[in-house]
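Every number in this text was worked out from the coordinates using simple rules, so none of it is lab data. None of the values given here were measured: they were computed from a predicted structure. A quick note on method: Cβ atoms are made from the backbone with ideal geometry, for glycine too, and the neighbour counts reach across all protein chains shown.
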2 protein chains.
Amino acid sequence: MTYCIVVSVKEGLVLTSDSRTNAGIDNVSIHRKMHALPTHTNRTIVLLSAGNLATTQAVVDQLARDMKENAAVNLNTVASLAEAAEYLGQISVCKQNRHTNANAGQNGFFPAATFILAGQIAPAAHGAYLIYPEGNFITTSSHTPYLQIGEIKYGKPVLDRFLKVDTSLHEAGRCCLISMDSTMRSNVSVGAPVDLLIYRKDSYHLQEYYCFQEDDDYLLQLRRLWHEKLKESFAALPHIGNNEMHTLPYYQD
Amino acid sequence: MTYCIVVSVKEGLVLTSDSRTNAGIDNVSIHRKMHALPTHTNRTIVLLSAGNLATTQAVVDQLARDMKENAAVNLNTVASLAEAAEYLGQISVCKQNRHTNANAGQNGFFPAATFILAGQIAPAAHGAYLIYPEGNFITTSSHTPYLQIGEIKYGKPVLDRFLKVDTSLHEAGRCCLISMDSTMRSNVSVGAPVDLLIYRKDSYHLQEYYCFQEDDDYLLQLRRLWHEKLKESFAALPHIGNNEMHTLPYYQD
């Protein structure tokens, strides 16, 4: 399984991903799911991936190769992030179809992969797109300034509580780490190292990147403090008033 | 959709359920998912249900009818909660199969339903069983003293954090309400009124029951306070140290 988040706020972008992959519960490995593409200097593009590992690797490799070989359309020629998302979607569908057809009739083979493409292409603003396995895509909004892929539910409530478009980059980063922590607690197939990338708008540099191992001091501190604070908060909650108590009626057949 | 939780702690049981049902997003209704069965006085049995509404109503009705008609096996004759779970599982499978066969080949018809059966049959201890649509079932353990059905993921982290077998009944009740609140925020198909039943072991009475409407003062107070406390906790989290910062390497093709 996988869990990746991208937050797009006024100050820039925050990307977070886990690194655990599994081909069956008895085949667990570590693969980075955050891929920085070597584009020209007037553009920055980073991908996050979830789903079939062969598909994601094939797609990232094709994107890099298209740039290197100066293909008619590649990440250096697309005029916008939306165009980049469309181009990525076409490559993804193509890579999935190739192997679906070869294995027609085989059960249990799922080549589907989902991506988030985030970055900035000058002179436009930064942004992020989630590309579905079918190749279609969505972006963030001022009401929902984040996108998630993979095991998204456990860690969603904390994002909904704290993320706004004017949240600072570092606040958003801590929020994503808390969301990642809740997810790792509930689903063992999501695991460290945790990659965190903070992109300041108009910088076109990926210089603020953190890779937290499972026993990283900061991550452990964050986890312990959050847990303690939640415990205190929980202990301070008001008790239910007796005036609201009733007797549960029995089922009437 | 639905969200129901049962917690089985040393002091007794805590049952929580929402009341929103939907047959498609354009057909949303309110149905209580907590069903108290009118058993003899030496036993208490309460059901929570998720899934197809016709199936859950048919099952609950059959259980009540079997008792009324003194069927060979009914909730008054079963010797244990596990036996009650097995009996319920058989009825559930039977009700599902009836309509699956009649509609063979129809797409989009899912008669599946999942139940939690909780209560106490004297002289044994109280307990809870989750019965899958296939009729098989599981119970709680000292490590995981709760069961969930329906939309379980959003509200699971808070249960994992706070519920232990020696958690008090009222603490467990507040924990379930917080879990329900997180779920209602993230999935609009889970909604009020919220039913909360606290069963003190060996009491064989359902006298501590609360039905919270959407605008209930206590529920609003709990929600507001929890949100404020979480915000304070979040603001107090430590900042990431600069010493852990790196540059994200570009993809090498």
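Structure summary
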item: Relative frequency of Cα-Cα separations exceeding 28 Å in the range A:1-150, percent; result: 18
item: FRET efficiency estimate (nearest 0.05) - Cβ-Cβ, A:H239 to B:E232, R0 35 angstrom; result: 0.95
item: Mean-position separation - Cα centroids, the range A:140-182 and the range B:162-217, in angstrom; result: 27
item: Where rotation carries B onto A, the chain B residue whose Cβ is nearest that axis, in whole Å; result: B:K153, 2
item: Sorted by Cβ density within 10 Å, fewest first, the residues A:S80, A:S189; result: A:S80, A:S189
item: Inter-centroid distance (Cα atoms) of the range B:26-40 relative to the range A:17-32, Å; result: 42
item: Angle between chain A longest axis and helix A:169-186 axis [Cα atoms, degrees, rounded to 10]; result: 70
item: Listed residues A:A58, A:S141, B:F212: farthest to the positive end of the dipole of the protein assembly as shown (Cβ charges); result: A:A58
item: Spatially proximal lysines relative to A:K68 (Cα-Cα < 27 Å; intrachain offsets below 8 disregarded); result: A:K33, A:K95, A:K201
item: Evaluated over chain A, the Cα radius of gyration and Dmax, each in Å; result: 20.9, 74
item: Residue with peak Gaussian network fluctuation, chain A [Cα springs, cutoff 10 Å], from A:K229, A:K156, A:K68; result: A:K229
item: Calculated log₁₀ intensity ratio I(q)/I(0) where the Debye formula runs over C-alpha points of the range A:48-101, q = 0.25, 0.30, 0.31 Å⁻¹; result: -1.02, -1.25, -1.28
item: Folded to 0 to 90 degrees: helix A:217-235 orientation relative to chain A principal axis, Cα; result: 30
item: P(r) weight above 23 Å for the range A:168-253, C-alpha pairs, percent; result: 48
item: Electrostatic dipole magnitude of the range A:3-225 [Cβ: Lys, Arg +1; Asp, Glu -1; Cα centre; debye, to 20]; result: 200
item: Between helix B:53-68 and chain B: long-axis angle, C-alpha atoms, 0 to 90°, nearest 10; result: 40
item: Residue order, fewest to most beta carbons within 10 Å, for A:F234, B:F110, B:F162; result: B:F110, A:F234, B:F162
item: Copies compared at B:T41 - label distances in nm, ascending, label defined 7 Å from Cα in the Cβ direction; result: 8.9
item: Calculated SAXS-style log₁₀ I(q)/I(0) at q = 0.06, 0.10 Å⁻¹ - the protein assembly as shown, Debye, Cα scatterers; result: -0.34, -0.86
item: Estimated inter-spin distance, A:Q252 and A:A122, nm [label 7 Å along Cα→Cβ]; result: 7.5
item: Shortest-first distances to equivalent copies, position B:I138, nm, label 7 Å out along Cβ; result: 3.0
item: Length released on extending from A:N22 to A:N42, taking residue separation times 0.36 nm less the Cα-Cα span; result: 3.6 nm
item: Furthest towards positive pole of dipole, A:A71, B:L222, B:V188, structure part the protein assembly as shown, Cβ charges; result: A:A71
